[in-house]
Amino acid sequence: MLPHNQVHGIMHDDQRYRAGRLSRRDWLKTGTVAAAGLAMAPHRAAAADSGAATKNMHLSMAAYSMREALSSGDMDLFGFIDWCGELGLAGTELTSYYFREPIDDAYLHALRRRALRNGLTISGTAVRNDFCRPPGPEKQKDIEHVKQWIDHAATLFAPHIRIFAGTLPDGVDTPTGIQWVADGIREVLDYAGQRGILIGLENHGGITARAEDHLAICDAVGDHPWFGINLDTGNYRTDAYEELAMAAPRAVNVQVKAEVTRNDGTTEPTDYARIRNLLVEADYRGWVALEYEEANPRQEIPEHVQRLQALFA
């Protein structure tokens, strides 16, 4: 069920990778759905004519897209999985915030079975953590939390976990914060490798608001076969597409949003074709998960899924 190339986004050339860490410059060089299936054929042809062809990218959707329904109890993760299947997606991303307690193997196995019965891969999960702090009990608690979810992901057959860096505390300089985050990430990577789970550091504001600092954290972590970037297309705040192109070569997972932020702080609809093209340029292969944050998700998401299916087919 799992695409064999999930780890491709970590490295472009295995021989160069094994020979030594690539510099940043090296990285930069190198009910609706059934009817839509028929209607999309000409759009797919047009997409192929108007941009670079995708290779081994697979569409998923983050449960965070339905956060209000999942938080209120109007939907649970089983219902979310079913809906992903109805939308014709290949995967479903199960955000950790919406798992019911207790999280035991029986519950995780039931979710895994539901996905399999829908013909879906659980493309990953996502946790909330803050590594941008000095060593101490609070940071250790977050390290253990990520390790616990590494175990959960392995039980789910989910290949990837999205983690955060955190926010730079007042009075702390950026280089210190970068080192704190890198130290926290290194604490979980060997365990992730033992369980076969990729760790993707998201550009989630805070100390990762700029691609330069996001990439600096990755440099400080160093090369590790189970680490890369969870690239969120809506979270860079200056020169969004340029920064996304900078980070895309290190992506191990992609979350695509319906809007990007302009330099003046206002937003505009995401140019999905441009996102597709920059991922192709970066030779990205793996999951592309819609993470919808706008109003009326139940009504609006099917249209966005159709647009993505036309471009990423």
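If each residue's Cβ is checked for other Cβ atoms within 10 Å, how do VAL260, VAL172 rank with the fewest at the top? If you can, show how the numbers build up before the last one.
Values: VAL260 21, VAL172 14.
Ascending number of Cβ neighbours within 10 Å: VAL172, VAL260.
What is the gain in length, in nm to one decimal, between GLU144 and THR266 on full extension, counting 0.36 nm per residue of separation less the C-alpha to C-alpha distance?
40.2 nm
Starting from the amide H of PHE227, placed 1.01 Å from N in the peptide plane, find each other amide H under 5 Å away whose residue is 5 or more places distant or on another chain.
ILE199
What full-extension length gain, to one decimal in nm, is calculated for HIS224 and GLU281 as 0.36 nm per residue of separation minus the Cα-Cα distance?
Values: separation 57, 0.36 × 57 = 20.52 nm, distance 2.28 nm.
Length difference between fully extended and current span is 18.2 nm.
Semi-axes of the stretch 121-207's equivalent ellipsoid from the Cα gyration tensor, sqrt of 5 times each eigenvalue, largest first, rounded to whole Å?
Values for the stretch 121-207, descending: 24, 13, 10 Å.
Compute the distance in nm between two label points, each set 7 Å from the Cα along the Cα-to-Cβ direction, one at LEU116 and one at GLU303.
3.8
By count of other Cβ within 10 Å, fewest leading, how are CYS132, CYS84 ordered?
Going from sparsest to densest Cβ surroundings: CYS132, CYS84.
For the stretch 193-281, which GluC sites (Glu not before Pro) are in a loop by DSSP, counting at most 13 other Cβ atoms within 10 Å?
Values: sites: GLU202, GLU212, GLU242, GLU243, GLU259, GLU281; in loops: none.
Here no GluC sites (Glu not before Pro) fit, given the DSSP loop and packing criteria.
FYI, it's all coordinate maths here, none of it is from the lab. Nothing here was measured: the structure is a model prediction, and the numbers come from that model. Cβ: placed from backbone, ideal geometry, glycine included. Neighbour counts: every protein chain shown.
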